[in-house]
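This report concerns only the one structure given below.
Only the coordinates and a few stated rules stand behind these numbers; no lab work does. Everything numeric in this text was worked out from a predicted model, so none of it was measured. Note that we place each Cβ from the backbone using ideal geometry, even for glycine, and neighbour counts take in every protein chain shown.
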Amino acid sequence: MLFGKEHVRRYQETDGREGHEWERGTTTLLLTTTGRVSGKEHTTPLIYRKHGDVYVVVASKAGAPAHPDWYLNLQANPRVKVQVLADRFEANARTATPEERAELWPYMVEVWPDYAEYQKKTDREIPVVILERR
């Protein structure tokens, strides 16, 4: 199982042939955000699902009390880079509206049931993030 910096490196080097397919039948993309403090790019592998023309990811941080850094970064600067297999593109990232989240949360829990457990572990509402190709 890959994850972290090694996951990112191998995904990038192989155009996702290594790293796109992950645990329990899920797939991952690479999300690159700009650090809200450092201004440096940070790339994170995330489970995703395609929904129409957009990609959907979840800012779970395994149910930790605080949002993941990548989510805080995209809140400060929603212009992100995405890689899905060999497809690299720029996108705008945004938090799903309450109505969108009502539809997309179960859609994401379907592919990664642990999200439901993560939500039970934290008082924060775990954000669902929509990535729209620019």
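In nm², what is the average projected area of the convex hull enclosing the Cα atoms of the stretch 2-41?
Averaged projected hull area, Cα only: 3.1 nm².
Output wanted: per-residue J couplings in Hz (rounded whole) for the stretch 7-22, from phi through Karplus 6.51 cos²θ - 1.76 cosθ + 1.60, θ = phi - 60°, x for Gly and Pro.
Here the 3J(HN,Hα) series is 4, 4, 4, 5, 4, 5, 5, 10, 6, x, 4, 10, x, 5, 7, 10 Hz.
Give the share of C-alpha pairs in each 10 angstrom bin for the chain, from 0 to the last occupied bin, in whole percents, shortest bins first.
Per 10 Å bin, starting at zero, the Cα-Cα P(r) for the chain comes out as 13, 45, 38, 5 percent.
By the scheme Lys and Arg +1, Asp and Glu -1, what is the net charge of all other residues having a beta-carbon under 15 Å from that of GLN12?
Net charge in that neighbourhood comes out at 0.
By how many nm would the segment from ALA102 to LEU72 lengthen if fully extended, with 0.36 nm per residue of separation less the alpha-carbon distance? Provide the component values of the computation, followed by the final result.
On the way: separation 30, 0.36 × 30 = 10.80 nm, distance 2.16 nm.
Between ALA102 and LEU72, full extension yields 8.6 nm more.
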